[in-house]
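*Asks:* Encoded as structure tokens, here's the structure I'll be asking about.
The values are calculated or read from the model by the stated rules, or taken from the named source; none is laboratory data. These figures come from a predicted structure and were not determined experimentally. No Cβ is skipped: glycine too gets one built from the backbone with ideal geometry, and neighbour counts run over all protein chains shown. Keep in mind that these areas ignore ligands, DNA and RNA; they rest on the heavy atoms of the full protein, side chains included. Shrake-Rupley method; radii C 1.70, N 1.55, O 1.52, S 1.80 Å.
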Amino acid sequence: MNGSAAVTGGPASCRFAHYFVVCGVDTETGLEPDDGAGENFEQSPIRRSFKSKVLVHHPESTDRHPFNKDAINMLCMPRGLSFCTQAERLDPRFHSFTIAFDDGTRSYGFVHTFYEEVTSPQIITAMQTLCQMHHVEHHSSSSPSSSSSSSASSPSTCSMDSLASSLEESDAESLPGAPGCLGCVGTFDPTRDTLYVSKALCLITPLPFLQASQRFLAQLHQAVTSQTAPPLPLESYIHNILYEVPLPPPGRSLRFHGVQGPIVCQRPGPGELPLADYPLGEAFSLLGVENMVKLLTCVLLETQVLLCSQDYQRLMTVAEGITTLLFPFQWQHIYLPIISGPLHHLLHAPVPFLMGIQRKDGAQRSSLHLPHEANLCFVDIDKHCVEYPEDIPQFPDQTELIQELNEVLLRFEHPAQVGLTTKPSASPDSPRLSSLVLEDLMEDRQNGNLGGEELEVLERLQALARRCGGEKGSEGGKTLGLAFEEEEEELKAAKLNVQLREVFATRFTAMFGRYEEFVIHGALDLESWLNNREGTFSFDKGSFLAVQPAAHRNFLSRFLETSMFSSFVDGKVISCWADREPLQQLFDSRLQRGRLHEAKDEDSLSRLYRKNGTLLQRISLNPFCLFVIAAQAVERRLLKVDHMAIHPHLLDMRIGQGRHHPGYFPKLQADVLEQAQNTNKRSSRVTVSRRSESRKPAAADHSGADNEQRQKHIFLRRNLHQSRLLDPSPQAVTHTHREFVDGLLNECRLKTKRMLMERMEKENVELGHGGASISGLQENTLIYGLCDLLERTWGHGLQMKQGKSALWSHLVHHQAAQGKMEAPAESPGYNGTDQRTFHDGTALLRGSLLQDIRFVQTMSDGLSEVAQARAWIHLALEKKMLSQHLKELLTHQELLRQLYKPHAFLLCEEEREQFLFHLLSLNTVDYLCFTRVFTSICIPYRVVIIPMKKLSIAMATVSPWVCVSGELGDSGVIQIPKNTQEIFFQCKNLGRLSTLQLGVQETTGLLAKCLVDSVMVYNEITGHTYRFPCGRWLGKGVGDGSLERVLVGQLVSPGVEEDAGRWTGTPPELASPSQSVRAVLGSLGSRRMDSLEVQEDMREAANNLVKHFHKPEQERGNLTVLLCGEGGLVLALEKFLLHGFKSGRLFQRNVFVWDFVEKAVVSMETADQMGDLHGSTLTKGPPCDSLCHYINAINGSPRNIGKEGKFQLFVCLGIRDRLLSQWLPLLAECSLTARTYEDGALLRDRAAVHSLCRILQTLHEFSITLEAALIKGVDL
């Protein structure tokens, strides 16, 4: 110990404690029923809850955090006053709580609750009267009238307002073996019973000094119950803790004195993780390692987290433990680890929250009537289980993380299994703290801080220690040894805290070690950045995800959308103009140290997470792991205390004040506790720590004041006033729900704007503008966020629980309400419904809200309510009907008033209309979210063949067939009857459609031919329309003689049939070449093709393929379109080979490139057989052999795909097998080329052919996979 410190008269922010509070029964107001506790009047009055009051608090107020009397009283005694008699257990209880302020800071409250004998005659008489009334009602309850009256007076178990009744019960436990009859436990007779009432002592501190505060309050209570008076009046100890005990400086420890002994607290240094005194080991024991990791994942993704336990302190232990693991991020939403009955309306909050409720003993999970659970993580601490929402991704490297945590717990001999809370024995190599108490007392005696009685105690302790000598012989030795063992366990728990937190901190350091490279700094000053915050991106999420491991992206894409990550990035941007936040500064300094170490040893980080490596190996191999250093710093501070506060001393009190009454907490003398200045006559002897003399004053704590600019940003980001959440008054509750409504509307506006901006940015990329900024994974994440928003919106203000999904429950209610009205519409005589029949006779309904609901209900029996709601949202969004469907749903006003309370968002007409308007804006872009997510369902399709108008009668002579292919498979061959141009079929979801095979039967004769304009395919569920242009003949002896064609489709419109010709905002994919293009290519006399234009088209087609493969896999479009569609590689190469082509035909009939290719191969084979190749520049070799082999294989195919189809297959196979660039020079040098092409043809231009081959060679680095529809029947 190096010195003393004091802050007498100093600012409250520098003091160890802000307030000392006493809560209990107010004898002047008497007993008032606690309405918010959900009273059950069938209980005995002695087991009911009554309103408590703040009896006294000191000081009156502080500058930074004014005293909130109602909130403090509610958190100190969440159950209100509890009464009991001597027949019941009177053990004291301890719990803590936290209060959040609007500026993001918190204060911590530590409460010691004990039972004190009631001496007020008014209270005793009131309790006696209530017990007598209950006794009379109890005996008369057998009558029907009294039974009905009793049931009417009890709250409804279905109502959300009665949630407290189903959750809250008395904490007092009956004495084991006591009879349960009247007149015994649960009754009160003043002639034979002693009445006790609960009283709470509370210490409110700016930092979570759990252990020190708990010891101080316990010693204070022991002094009250002791038969021997304490050395000084209690006012002296309270005055000392409030005004004379300072906060320990960062990186230092402090010793102050309670009533019965010294108390040590310590504070981490600037380079260490922030203070966290709650035992993380206990939290891991309560839930288990795997459950704690799952819970942390839910908190990181900002789901709604609800903790449940009978013990208030368990709620705080888990809540504080999980939030301390978030470093460097901070929870941004509602944080109330303990909520009492009056605050249960916050369970309706449509925002992420982390809250805790107490439940009665034996209550089942099903008895908790929560408003909605679609995005709820429910944690039953007492039963050691975590129920997390559907579709929660795994934490990165979760298996390795769990193993590493188990290793840490094993090193500390801490139980890793849930439910095991037995304290492990001290390890043999742990340092002894046995000399701490005696050392402090010896130093106090040297400093003159001990009086006569204390000196005697010191001498007795020294003698006792000499007698014990480490042995266990005497009773006193056991007691002293127990104290030393407790101190050792405290040190062990502190070191375990540090190491567990460092495990997670190191994980986040590895995940976000390069985050600064992706932060976007675009503003000139802070003011302009704040004004344009919503319209700018501060983080390049797409690029960040692109460099992450694929297994991590699912979690990270969701995490990047959270408020805690946005706030973290905003803090980095703001640091350009203002001071960095302490947590961010600490994280950045750790990253900097990591980079310095990485420069010395590049693979140190990889060795940190090397598989099958033990924790000890990682520690020894990686000095970047700081938890060993941090644990040693904690141990040093606790073993060698840096500072000592001045001792409690006598105050200037009036005569008669401060007298000791065993068992009763005295009435404190207010004047000496309020006037702290100039009352400490010993402060002039205070010396300053020799350690800190040469050091610069420590930086302000995390809870210190930020500058004005940062404060402005904090208030702009936070929609809720945290301090108002603890106000249970009707006006405050109404205002809170009003803020919820405004927050939902603002969140909807921001989410839809973000979805539009990201989607339009992707469309710009598809059109060739800008760079990629979104992936399919990110798009799914944004849609998931929209589903979550809709669930929270529909869950706000529900009258009662309808199911896990509030939205789906509303849809089902609407369906039931409309059932009678729709019955006549489904009668056989009604023709207004668009009802169709499949080729197997199955009926199909399409279009309306009810029909979409029915389809989702029939998708799969295994879908939960939450999954059904998300499927419906995906379907409505893809159909561009989301806003319209929700508007129809909300027009049923009677149903709305039946399901929702007046303050619900859905009953606020103006906000509701704006909400729907923002959703309507999503109709400007196309989504395929339903098609690509629900891949295993059956989808009905409709195919319509559209012939050329002048030759439509020819369709009567043919029997066509189709085979539709998409991203997920094909439909198989579907035969279309004669005289029919339309057919319905149902098959497994094909995904986005790409190609369609259209053919006619070969046995139908020469007259069986038709000229097809196009084929339309309709997805009857999503409303998407695909157009497959054809513009060519099908049949023998006409055109190229093809009986089968492979058509490439394009998405025309997600709307209804009559809108099929209207283009959407999304750029259309390239379809099959149109009839006009084919006419230009085939008719050589129409015009001469420009060589530069042909070469440019070839370069553009190849460039599109290169860009396709350089995109992330989830962003790539349809490869078949780029190969065979309009503007694709096949068409570009066909133009190249047709350039300068001679034709001696008189009537300018269409010519086909395949004719030339086929003749060229025949010429090569003939010349080879006759040995004439020596006279040509061609040389026999593998390229020539492969060309002939491929051409013969294509000609030998059983499919009659015509000349155009064969050339298409020739190009696709050549580019797939990287042979096309070898074949083109062979064709160019063939002797047939000179006779077939003009002198200026591109194929006879060696430079042009060489340039084309180089372009094609750039595609060799990519692996090209062709659709089965293209290569069907060809085994190459």
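*Asks:* Per-residue counts of other Cβ atoms within 10 Å, averaged by peptide: what ranking do you get for 549-562, 1019-1032, highest first? It would help to have the intermediate numbers written out before the result.
*Replies:* Values: 549-562: 18.1, 1019-1032: 23.3.
Highest-to-lowest ranking by the protection proxy: 1019-1032, 549-562.
*Asks:* What full-extension length gain, to one decimal in nm, is calculated for LEU750 and GLN632 as 0.36 nm per residue of separation minus the Cα-Cα distance? Mind dumping the intermediate values first?
*Replies:* Values: separation 118, 0.36 × 118 = 42.48 nm, distance 4.69 nm.
Fully extending the segment from LEU750 to GLN632 adds 37.8 nm.
*Asks:* Averaging the inverse of every distinct alpha carbon separation and then flipping it gives the Kirkwood radius. What is it for region 226-359, in angstrom units? Numbers along the way, then the final one.
*Replies:* Working: mean 1/r = 0.0567 Å⁻¹.
Hydrodynamic radius (Kirkwood, Cα only) of region 226-359 equals 17.6 Å.
*Asks:* Continuing with the same structure: Got a sec to turn the phi values of region 22-32 into Karplus ³J(HN,Hα) couplings, 6.51 cos²θ - 1.76 cosθ + 1.60 with θ = phi - 60°, whole Hz, x for Gly and Pro?
*Replies:* 10, 10, x, 8, 9, 5, 6, 7, x, 8, 10
*Asks:* Something else: By per-residue mean of other Cβ atoms within 10 Å, what is the highest-first order of 521-533, 1152-1164, 84-96?
*Replies:* On the way: 521-533: 13.4, 1152-1164: 19.6, 84-96: 18.0.
Packing proxy ranking, top to bottom: 1152-1164, 84-96, 521-533.
*Asks:* Whose amide H sits under 5 Å from the amide H of ASN1118, counting only residues 5 or more places off or on another chain, with H placed in the peptide plane?
*Replies:* Here nothing satisfies the definition.
*Asks:* Could you compute the FRET efficiency for GLN1001 and GLU1096, with r as their C-beta to C-beta distance and R0 at 60 Å, rounded to 0.05? Walk me through the numbers on the way to the answer.
*Replies:* Details: r = 42 Å, r/R0 = 0.70.
Computed FRET efficiency for GLN1001 and GLU1096: 0.90.
*Asks:* Here is a follow-up. Please state the shape class of region 516-601: rounded when a/c is under 1.5, otherwise prolate if a/b exceeds b/c and oblate if not, all from the C-alpha gyration tensor.
*Replies:* On the way: a/c = 2.03, a/b = 1.19, b/c = 1.71.
Note, shape of region 516-601 comes out oblate.
*Asks:* Suppose R0 equals 35 Å; then what is the FRET efficiency for GLU413 and GLU42 from their Cβ-Cβ distance, rounded to the nearest 0.05?
*Replies:* Working: r = 48 Å, r/R0 = 1.37.
Step by step, r from the Cβ atoms, then E = 0.15.
*Asks:* Same structure again: Once you put a point 7 Å from the Cα of GLU1165 and another 7 Å from the Cα of THR858, both along the Cβ direction, what distance in nm separates them?
*Replies:* The answer from the label model is 5.4 nm.
*Asks:* Could you work out how much longer the chain between GLN914 and THR225 gets when fully extended? Use 0.36 nm per residue separation minus the Cα distance between them, nm to one decimal.
*Replies:* 241.8 nm
*Asks:* At 1.4 Å probe size, what's the solvent-accessible area of ILE629? Round to the nearest 10 Å².
*Replies:* In the full protein context, ILE629 sits at about 100 Å².
*Asks:* Run the numbers for TYR664 and GLU534: contour at 0.36 nm per residue of separation, minus the present Cα-Cα distance, in nm.
*Replies:* Values: separation 130, 0.36 × 130 = 46.80 nm, distance 5.85 nm.
Roughly 40.9 nm would be gained on extension.
*Asks:* Ranked highest first by average number of other Cβ atoms within 10 Å, how do 779-785, 745-751, 250-256 line up?
*Replies:* Numbers: 779-785: 20.1, 745-751: 17.7, 250-256: 22.9.
Top to bottom by mean Cβ count within 10 Å: 250-256, 779-785, 745-751.
*Asks:* Here is a further query. Over what distance in Å are the Cα centres of region 267-304 and region 221-262 separated?
*Replies:* Region 267-304 and region 221-262 have Cα centres spaced 30 Å from each other.
*Asks:* Points 7 angstrom from Cα along the Cβ direction at SER936 and GLN884: gap in nanometres?
*Replies:* In this crude label model, SER936 to GLN884 measures out at 3.2 nm.
*Asks:* Can you figure out the FRET efficiency of GLN403 with SER1263, using R₀ = 41 Å and their beta-carbon distance, to the nearest 0.05? Intermediate results must be reported in sequence, preceding the final value.
*Replies:* Numbers: r = 36 Å, r/R0 = 0.89.
With R0 = 41 Å, the Cβ-Cβ based efficiency is 0.65.
*Asks:* Under a point spin-label approximation (7 Å from Cα along Cα-to-Cβ), what is the LYS640-GLN731 distance to one decimal in nm?
*Replies:* Placing both labels 7 Å beyond Cα along the Cβ direction yields 5.8 nm.
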